[in-house]
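Since the structure comes first, as structure tokens, the remarks are kept for the end.
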Amino acid sequence: MPKAHHIVSLPEKRTTSVVFASPHSGRDYSDSFLSQTVLCQQSIRTSEDAFVDLLFEDAPKHGAPFLKALAPRAYLDLNRNSDELDSALIEGAGRMMHNPRIASGLGVIPRVVASGRAIYRGKMPLTDAQARIRDIWHPYHRTLQHLMDESKRDFGEAILVDCHSMPHEAVDAISHRGLPRPDVVLGDRFGAAAHADIVAQIEDAFVSAGLNVVRNAPFAGAFITQNYGRPSRGQHAIQVEIDRSLYMNEKTIRPNGNFMALRKLIGQVTAEIAAIGRNQIPLAAE
């Protein structure tokens, strides 16, 4: 039986059009991968949205499915298109038109982790990259689209909440301008990926919990938000970035003393967001 690279936690009954997903919290670092990288196990985890899956794990209690990656982001990035292949890393990969993500080493098979540290000593065969995409990328996105299609079928709309975390330093520029430091950044591709009313309600859920929220800067959403956000078709996608320092020690990659409190808080936010997807009467109610 093929190894699973993602899991879906399902509610006893779907009661909301909202789908929660965590594509970057996977921490299944195989021995074979660790033997390929030049980085230590601590350094290889710096790209990981550590423990985000635990922060949002109450989603099924509120009637929403929760899709979680098991494979780590440093091995394959599910928030990239499958054709974002880095020719500086992958032998035989054709050069694409200029793509800033690939140029910085952050294609679908990342070449670097945080701070630009190289993951590998040399290049990898194209067949290895294609195998990762076949075994991890395609199954994850098939599952995600299936969950979205179920929401569309049963509720007339689908709302994807794509859950991430960000380094504390990522929002330094905002605080340096004299503005309050955000705890949460919502990305909707500057309004292109979700209806404004839905984004406003999600923002209100975080603000009501006492968290400072900004939109689209410095994170507006990448492939997932762009690909699944189709408001004109009733399919919305919002990326959520939470400051890691609120719940973890970024150096040791361990939960800090505030972890349980924030987990409880995010549980309340999750309940409010799930309720947004109950505003429309299910089409399959009879």
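The values are calculated or read from the model by the stated rules, or taken from the named source; none is laboratory data. As the structure is a prediction and not an experimental result, all values here were calculated from the model. Note that we place each Cβ from the backbone using ideal geometry, even for glycine, and neighbour counts take in every protein chain shown. These area figures cover heavy atoms from the full protein model, side chains too; ligands, DNA and RNA do not enter into them. Shrake-Rupley method; radii C 1.70, N 1.55, O 1.52, S 1.80 Å.
Does at least one position in the stretch 86-97 carry a residue that is in contact (Cβ under 8 Å) with a residue 24 or more places away in the chain and of a type in the set (Lys, Arg)?
no
Could you identify the single residue in ARG111, ARG117, ARG189 that is charged (D, E, K, R), closer than 26 Å to GLN41 by Cα and in contact with a Gly (Cβ under 9 Å, 6 or more places away or on another chain)?
Testing whether each residue is charged (D, E, K, R), closer than 26 Å to GLN41 by Cα and in contact with a Gly (Cβ under 9 Å, 6 or more places away or on another chain) leaves just ARG111.
Out of all the residues in the stretch 205-217, which are more than 14 Å from CYS163 (Cα to Cα) and either open to solvent by less than 20 Å² (accessible area, probe 1.4 Å) or without any contact (Cβ under 8 Å) to a residue 60 or more places away in the chain (or both)?
ALA205, VAL207, GLY210, LEU211, ASN212, VAL213, VAL214, ARG215, ASN216, ALA217
Within 23 Å of ALA118 (Cβ to Cβ), small (Gly, Ala, Ser) and at pLDDT 95 or above: which single residue out of ALA59, ALA64, ALA21, ALA69 fits that description?
None of the others qualify; the one that does is ALA69.
So which of ALA193, ALA220, ALA237 ends up being without any contact (Cβ under 8 Å) to a residue 40 or more places away in the chain, in contact with a strand residue (DSSP E or B) (Cβ under 7 Å, 6 or more places away or on another chain) and surrounded by 13 or more Cβ atoms within 10 Å (Cβ to Cβ)?
It is ALA220.
Among the numbered criteria (1) modelled with pLDDT of 95 or more; (2) over 30 Å from ARG263 (Cβ atoms), which single criterion is violated by ALA88?
(1)
If the Cβ limit is 9 Å and pairs must be 6+ apart or interchain, which residue in the stretch 132-143 that is assigned to a helix (DSSP H, G or I) and modelled with pLDDT of 95 or more pairs with which residue that is surrounded by 18 or more Cβ atoms within 10 Å (Cβ to Cβ) and among the acidic types (Asp, Glu)?
TRP137/ASP77
Collect the residues in the stretch 173-196 that are farther than 13 Å from SER245 by Cα and at pLDDT below 95, keeping them in residue-number order.
ALA173, ILE174, SER175, HIS176, ARG177, GLY178, LEU179, PRO180
Suppose the filter is farther than 17 Å from ILE119 by Cα, surrounded by 16 or more Cβ atoms within 10 Å (Cβ to Cβ) and of a type in the set (D, E, K, R); does ASP77 pass it?
When the stated conditions are applied, ASP77 does not pass them.
Mind listing whichever residues of the stretch 52-73 are open to solvent by less than 20 Å² (accessible area, probe 1.4 Å) and touching a Phe, Trp or Tyr at 6+ places or on another chain (Cβ under 8 Å)?
Of everything in the stretch 52-73, those that are open to solvent by less than 20 Å² (accessible area, probe 1.4 Å) and touching a Phe, Trp or Tyr at 6+ places or on another chain (Cβ under 8 Å) turn out to be LEU55, PHE56, ALA59, ALA64, PRO65, PHE66, LEU67, ALA69, PRO72.
Could you check GLY94 against (1) of a type outside the set (Lys, Arg); (2) at pLDDT below 95; (3) open to solvent by less than 50 Å² (accessible area, probe 1.4 Å) and say which number it fails?
(3)
Report whether or not TYR247 is closer than 23 Å to ILE276 by Cβ, touching a strand residue (DSSP E or B) at 6+ places or on another chain (Cβ under 9 Å) and open to solvent by less than 20 Å² (accessible area, probe 1.4 Å).
No.
Does PHE259 meet the test of being among the aromatic types (Phe, Trp, Tyr), closer than 28 Å to TRP137 by Cα and either out of contact with any strand residue (DSSP E or B) (no Cβ under 8 Å at 6 or more places or on another chain) or open to solvent by 10 Å² or more (accessible area, probe 1.4 Å) (or both)?
Here the answer is no, as PHE259 does not meet what is asked.
Restricting the search to the stretch 1-49, which residues are loosely packed, with under 14 Cβ neighbours inside 10 Å and in contact with a Gly (Cβ under 8 Å, 6 or more places away or on another chain)?
Within the stretch 1-49, just LYS13 meets the criteria.
Please tell me if ARG132 is among the basic types (Lys, Arg) and touching a helix residue (DSSP H, G or I) at 6+ places or on another chain (Cβ under 6 Å).
For ARG132, the condition - among the basic types (Lys, Arg) and touching a helix residue (DSSP H, G or I) at 6+ places or on another chain (Cβ under 6 Å) - is not met.
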